[in-house]
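Engineer: Here it is, the structure in full.
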Amino acid sequence: MRRSDALSALGIVGECNAMSSSSEALDLHRRYAGKMQTMPKCPISGPADFAVWYTPGVAEPCRAIQRSPEAAYDLTNKGNLVAVVSDGSRVLGLGDIGPVAGLPVMEGKCLLFKYLGGVDAVALCLATRTAEELVQAVTWLAPSFGAINLEDIAQPKCFRVLDSLRTGLDIPIWHDDQQGTATVVLAGLINALRLTGRDFQNVRIAMVGFGAANVATYRLLIAYGLAPQQIVACDSKGLLHKDRRDIEEVQTSYPMKWEACSRSTTNGRTGGIDEALRGADVCLAFSKPGPAIIQPEWIKGMSKRAIVFACANPVPEIWPDAALAAGAEIVATGRSDFANQVNNSLIFPGMFRGILDVRASAITDRMAIAAAHALAVSAGAIIPH
């Protein structure tokens, strides 16, 4: 079979696999009525044990925690318990489907927490539409948990919720669609640049879409040492630049997006995704499900040995076979059924395992960068310093 035929077949297989896996997923979710349950971890040999684990024995650990709140980490499951909080306003590639319909995704996060990190997690889908109510609800819930994982919250609400909770609470707050995705992108980029003979100081990056994922990626790349001038971004209306009055007018709600406009060096260029990709070394796409959001001819306009991260879920902005046929050397997606997955599921179980073990009070950029390096090392492409 010719390479082009094989690549075309891969695209067809990908679409067929997506359809068949969807049917299987629905059947299995119905069979098991979801995927999580609660079980005790202490031994119970008979009714007498209830006197130890409940009344009257439970009074003593309560008194100990009242005297010293930190004792909760030793005497309860707080130190290994995470709340997965969502309002269902931006779920995967499904959009605003609401808190009840978002439950399967949040349960899935809990499954990965437990299976991959040994972390207990609870899905909490909240019936609210405002950032203020989300912040208040999480603040009320916080004493029961060692950390909070925010998930699938629409922008710009997600930015306000994250910033407010990180300021107001003394436990780690993590928005997986922001910090999780950005950390995995950095890890993948570290290895992709090494494999294609590039370095961070000279690379030119095009960002396709500038929602929660790419906003956080932009922030983390700048924290990592990239100059803003190395990055060109575009949203659904075109390139971000200092003359985008539509963004300037809403800069209070989208401060990082306006900052990207202000610091951009498009040199008078206008246009959309095609113009953003022209001559770029790297494409970081987190826009909307494809597969025709990015055209093959735009990949051809990138530099040689191009790196393409097409990470929209459940369907990438361009199928990997089409990007490879157009000349990309490394192609990643957010899906687990293609090679080179770039998805926050690769980082959050280990990240939370670490922060809970050390009883961290926050997750900083330095911690995210350290985690990205650890993930890159585990993929085997670089040697740790």
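Engineer: Just to be sure I understand the model, the point goes 7 Å from the Cα along the line to the Cβ. What's the resulting Ser144 to Ser336 distance in nm?
Structural biologist: 2.7 nm
Engineer: Moving to a separate point now. Roughly how large, in nm² to one decimal, is the mean projection of the convex hull of the alpha-carbon atoms in segment 41-185? If you can, show how the numbers build up before the last one.
Structural biologist: Working: hull surface 41.5 nm².
Averaged projected area of segment 41-185's Cα convex hull equals 10.4 nm².
Engineer: Which loop-located GluC sites (Glu not before Pro) does segment 228-270 contain, where loop means any DSSP state but H, G, I, E or B and the Cβ has at most 12 other Cβ atoms within 10 Å?
Structural biologist: Values: sites: Glu248, Glu249, Glu259; in loops: Glu249.
Qualifying residues, ordered by number: Glu249.
Engineer: Over the chain, what percent of the accessible surface lies on carbon and sulfur atoms, probe 1.4 Å? The partial results should precede the final answer.
Structural biologist: Values: 10870 of 19030 Å².
In the chain, the share of accessible area belonging to carbon and sulfur is 57 percent.
Engineer: Let me test this: with uniform point scatterers at the alpha carbons of segment 190-305, what is the Debye-based log₁₀ I(q)/I(0) at q = 0.11, 0.12, 0.15 1/Å?
Structural biologist: Summing over Cα pairs of segment 190-305 leads to -0.33, -0.40, -0.63.
Engineer: Using a 10 angstrom cutoff on alpha carbons, build the Gaussian network for the chain and name the most mobile of Leu195, Leu112, Leu165.
Structural biologist: The residue that fluctuates most here is Leu195.
Engineer: Can you tell me which lysines have their Cα less than 30 Å from the Cα of Lys35? Leave out same-chain residues fewer than eight positions away.
Structural biologist: Lys78, Lys109, Lys114, Lys157, Lys288
Engineer: Would you mind working out the accessible area per residue for segment 68-172, using a 1.4 Å probe, and quoting it in Å²?
Structural biologist: Values: 4580 Å² over 105 residues.
Accessible area per residue: 44 Å².
Engineer: Shifting gears a bit: Per q in 0.09, 0.16, 0.19, 0.20 1/Å, what log10 I(q)/I(0) does a Debye calculation on the alpha-carbon atoms of segment 227-385 return?
Structural biologist: Log10 I(q)/I(0), no solvent term: -0.37, -1.07, -1.26, -1.28.
Engineer: Compute the signed sum of charges (Lys and Arg +1, Asp and Glu -1) over the other residues within less than 13 Å, Cβ to Cβ, of Ala312.
Structural biologist: Values: positive: Arg90, Lys288, Arg335; negative: Asp177, Glu317.
Residues near Ala312 contribute +1 overall.
Engineer: If packing is taken as the mean number of other Cβ atoms within 10 Å per residue, what is the order of 338-351, 129-142, 305-318, highest first?
Structural biologist: Details: 338-351: 20.4, 129-142: 15.9, 305-318: 24.6.
The densest-packed peptide leads the list: 305-318, 338-351, 129-142.
Engineer: Once fully extended, how much extra length lies between Asp96 and Glu329, figured as 0.36 nm per residue of separation less the alpha-carbon to alpha-carbon distance? Before the final figure, lay out each step's value.
Structural biologist: Working: separation 233, 0.36 × 233 = 83.88 nm, distance 3.49 nm.
Fully extending the segment from Asp96 to Glu329 adds 80.4 nm.
Engineer: Related question: Mind pulling the angle between the C-alpha long axis of helix 365-378 and the longest principal axis of the chain? Nearest 10 degrees, somewhere in 0 to 90.
Structural biologist: With both axes taken from Cα atoms, the answer is about 80 degrees.
Engineer: Return the distance in nm (one decimal) between the two label points of a simple spin-label model at Ala64 and Arg353, each offset 7 Å from Cα along Cα→Cβ.
Structural biologist: 2.7 nm
Engineer: Using a 1.4 angstrom probe, figure out how much accessible area segment 296-385 has per residue, in square angstrom, rounded to the nearest whole.
Structural biologist: On the way: 4030 Å² over 90 residues.
Normalised by residue count, the accessible surface of segment 296-385 is 45 Å².
Engineer: Follow-up. Which residue, Pro255, Pro43, Pro291, has the most motion in a Gaussian network model of the chain that connects Cα atoms within less than 10 Å?
Structural biologist: Residue with maximal mean-square fluctuation among Pro255, Pro43, Pro291: Pro43.
Engineer: Sticking with this one: Tilt of helix 3-32 relative to the longest C-alpha principal axis of the chain, in degrees (0 to 90, nearest 10)?
Structural biologist: Tilt of helix 3-32: around 20 degrees.
Engineer: Rounded if a/c is under 1.5, else prolate if a/b beats b/c, else oblate: with a ≥ b ≥ c from the C-alpha gyration tensor eigenvalues square-rooted, which is the chain? Walk me through the numbers on the way to the answer.
Structural biologist: Numbers: a/c = 1.99, a/b = 1.63, b/c = 1.22.
Since a/c reaches 1.5 and a/b is larger than b/c, the shape of the chain is classed as prolate.
Engineer: What net charge do the residues around Glu107 carry, taking every other residue with its C-beta under 14 Å from that of Glu107, with Lys and Arg at +1 and Asp and Glu at -1? Intermediate results must be reported in sequence, preceding the final value.
Structural biologist: Values: positive: Arg30, Lys35, Lys109, Lys114; negative: Asp120, Glu151, Asp152.
Computed value for this residue: +1.
Engineer: Would you mind checking the tilt of helix 181-195 against the longest principal axis of the Cα atoms of the chain, expressed as 0 to 90 degrees and rounded to 10?
Structural biologist: Roughly 50 degrees, rounded to the nearest 10.
Engineer: Another question, if that's okay. In segment 180-281, which trypsin sites (Lys or Arg not before Pro) are in a loop and have at most 12 other Cβ atoms within 10 Å, using DSSP for the loop call? Intermediate values should be presented prior to the final figure.
Structural biologist: Values: sites: Arg194, Arg198, Arg204, Arg219, Lys237, Lys242, Arg244, Arg245, Lys257, Arg263, Arg269, Arg278; in loops: Arg198, Arg204, Lys237, Lys242, Arg244, Arg269, Arg278.
Those satisfying the criteria are Lys237.
The values are calculated or read from the model by the stated rules, or taken from the named source; none is laboratory data. These figures come from a predicted structure and were not determined experimentally. Virtual Cβ from ideal backbone geometry, glycine too; neighbours counted across all protein chains shown. Each accessible area value is taken on the protein alone, full model and side chains, heavy atoms only, with ligands, DNA and RNA left out. Shrake-Rupley method; radii C 1.70, N 1.55, O 1.52, S 1.80 Å.
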